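Engineer: Here it is, the structure in full.
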Amino acid sequence: MNVAIDGPAGAGKSTVARKVAEQLGYVYIDTGAMYRAVTLAANRAGVDPDEPDRLGTLISGLDIRLEPGVNGQTVLLNGENVTEEIRSRDVTLRVSKVASHEAVRAKLVDLQRKLASAKGVVMDGRDIGSNVLPDAELKVFLTASVQTRALRRFQELTEDQKVPLAQLEQEIADRDRSDEQRVHAPLVRAKDAVVVDSTDLTVDQVVEVIIDLSRTKTAEAK
Ligand code: CDP
Ligand code: CDP
């Protein structure tokens with residue numbers, strides 16, 4: 001089957017999805033990494049996210065690949081390993097705007113559907129259950145309070161990356177709003193998605209909840 005995990009920034013999607021995929025023997029696909037790779041390419045080319053025509057031209061020349069890597073997944077942009085660089089603050093602050101454009105989404109959604117066509121994937125993002133894989137057998141909407149999500153991100157920062165926690169919280173809230181309010185495939189809970197609130201759960205507890213849900217789905221299908 002295919003498993004779709006959606007939700008806001010810092011809910012734990014990537015961490016949990018990677019572990020769920022490992023336990024099920026599935027392939028993990030981080031769709032946010034693809035939008036980040038396009039944003040990095042735009043930043044490097046000096047293309048403003050407010051210029052849809054230039055973004056459209058830029059994306060048509062990009063080759064974005066996800067390959068199994070040391071920590072789950074390696075992201076290749078035109079053959080270059082950009083796995084680390086796409087996590088930079090410059091990319092994080094602009095990615096939501098870049099991801100709001102139809103041309104960008106059309107290309108990446110097409111790629112994502114191809115990757116999932118053989119089944120056996122755990123895919124995380126914002127519009128997986130609602131748009132990319134509407135027939136996914138299991139859909140999870142993973143959430144947590146904005147304070148908890150900001151604190152998780154804060155704890156991941158190294159000393160030279162540190163920004164005040166309140167600023168991080170504001171940036172996350174702004175990105176959530178931008179992802180929820182865009183016209184094309186906004187962040188929304190699919191009607192048939194199970195909501196899991198991770199605010200008071202550990203990573204392993206969330207993984208267990210999702211593995212249990214996948215077992216129930218498999219049993220129902222028999
Ligand atoms: O890891 P984090 O939650 O910070 O973000 P991400 O999953 O790497 O996604 C970065 C951004 O890409 C999101 O804020 C969305 O704007 C966009 N995105 C999207 O529009 N659709 C997806 N399926 C995945 C990500
Ligand atoms: O992909 P998303 O933006 O939803 O979250 P993430 O990049 O997986 O980051 C979540 C961070 O919170 C990681 O450092 C996890 O170790 C931590 N965490 C979690 O994911 N889930 C919990 N229930 C508790 C902590």
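Engineer: Considering only the range 185-200, state which residues are under 20 Å from the mean Cα position of the chain (by Cα) and either part of a loop (DSSP other than H, G, I, E, B) or not aliphatic (A, V, I, L, M) (or both).
Structural biologist: Within the range 185-200, Ala185, Pro186, Leu187, Val188, Arg189, Ala190, Lys191, Asp192, Ala193, Asp197, Ser198, Thr199 qualify.
Engineer: Given (1) free of Cβ contacts under 8 Å to residues at least 60 places away in the same chain; (2) under 20 Å from Val195 (Cα atoms), where does Ala41 come up short, assuming only one miss?
Structural biologist: (2) is the only condition that Ala41 fails.
Engineer: From the list Asp30, Asp6, which one is more than 19 Å from Lys97 (Cβ to Cβ), of a type outside the set (A, V, I, L, M, F, W, C) and touching a Phe, Trp or Tyr at 6+ places or on another chain (Cβ under 8 Å)?
Structural biologist: Asp6
Engineer: Kindly list the number of the only condition in (1) within 17 Å of Val132 (Cβ to Cβ); (2) buried (at least 23 other Cβ atoms within 10 Å of the Cβ) that fails for Ala42.
Structural biologist: The number of the failed condition is (1).
Engineer: So which residues in the range 135-162 are more than 16 Å from ligand 2 (Cβ to nearest atom) and not small (Gly, Ala, Ser), if there are any at all?
Structural biologist: Asp135, Glu137, Leu138, Glu159, Asp160
Engineer: Being in contact with a helix residue (DSSP H, G or I) (Cβ under 6 Å, 6 or more places away or on another chain), open to solvent by 20 Å² or more (accessible area, probe 1.4 Å) and within 15 Å of ligand 1 (Cβ to nearest atom) narrows it down to one of Gly72, Gly32, so name that one.
Structural biologist: Gly72
Every residue, every condition in (1) more than 16 Å from ligand 2 (Cβ to nearest atom); (2) modelled with pLDDT of 95 or more, yes or no:
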{"site": "Asp63", "(1), (2)": "yes, yes"}
{"site": "Val70", "(1), (2)": "yes, no"}
{"site": "Val75", "(1), (2)": "no, yes"}
{"site": "Ile86", "(1), (2)": "no, yes"}
{"site": "Ser96", "(1), (2)": "no, yes"}
{"site": "Arg105", "(1), (2)": "yes, yes"}
{"site": "Lys114", "(1), (2)": "yes, yes"}
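Engineer: What single numbered condition from (1) basic (Lys, Arg); (2) touching a residue at least 24 places away in the same chain (Cβ under 8 Å); (3) part of a strand (DSSP E or B) fails to hold for Arg65?
Structural biologist: (2)
Engineer: Is there any pair linking a residue in the range 6-25 that is near ligand 2 (Cβ under 6 Å from one of its atoms) and in a loop (DSSP other than H, G, I, E, B) to one that is open to solvent by 40 Å² or more (accessible area, probe 1.4 Å) and of a type in the set (Val, Ile, Thr), with Cβ under 7 Å and at least six apart or on different chains, and which?
Structural biologist: Every condition considered, the pairs that remain are Gly12/Val203.
Engineer: Can you confirm whether the range 8-16 contains a residue that is open to solvent by 20 Å² or more (accessible area, probe 1.4 Å) and of a type in the set (A, V, I, L, M, F, W, C)?
Structural biologist: no
Engineer: While we're looking at this one, here's another question. Output the residues belonging to the range 158-207 that are crowded, with 16+ Cβ neighbours inside 10 Å and not hydrophobic (A, V, I, L, M, F, W, C).
Structural biologist: Glu169, Glu171, Arg175, Asp176, Ser178, Asp179, Arg182, Arg189, Ser198
Engineer: Hey, could you check the range 124-157 for residues that are touching a strand residue (DSSP E or B) at 6+ places or on another chain (Cβ under 6 Å), closer than 13 Å to Gly10 by Cβ and not charged (D, E, K, R) and say which is most open to solvent (accessible area, probe 1.4 Å)?
Structural biologist: Thr143
Engineer: Out of the range 79-122, which residues are open to solvent by 60 Å² or more (accessible area, probe 1.4 Å) and basic (Lys, Arg)?
Structural biologist: Answer for the range 79-122, where residues must be open to solvent by 60 Å² or more (accessible area, probe 1.4 Å) and basic (Lys, Arg): Arg87, Arg89, Arg94, Lys97, Lys107, Arg113, Lys114, Lys119.
The values are calculated or read from the model by the stated rules, or taken from the named source; none is laboratory data. Since the model is a prediction, treat every value here as computed from it, not as a measurement. Cβ coordinates were reconstructed from backbone atoms using ideal geometry, including for glycine residues, and neighbour counts include every protein chain displayed. Side chains are part of the model used for accessible areas, which takes the heavy atoms of the whole protein and leaves out ligands, DNA and RNA. Shrake-Rupley method; radii C 1.70, N 1.55, O 1.52, S 1.80 Å.
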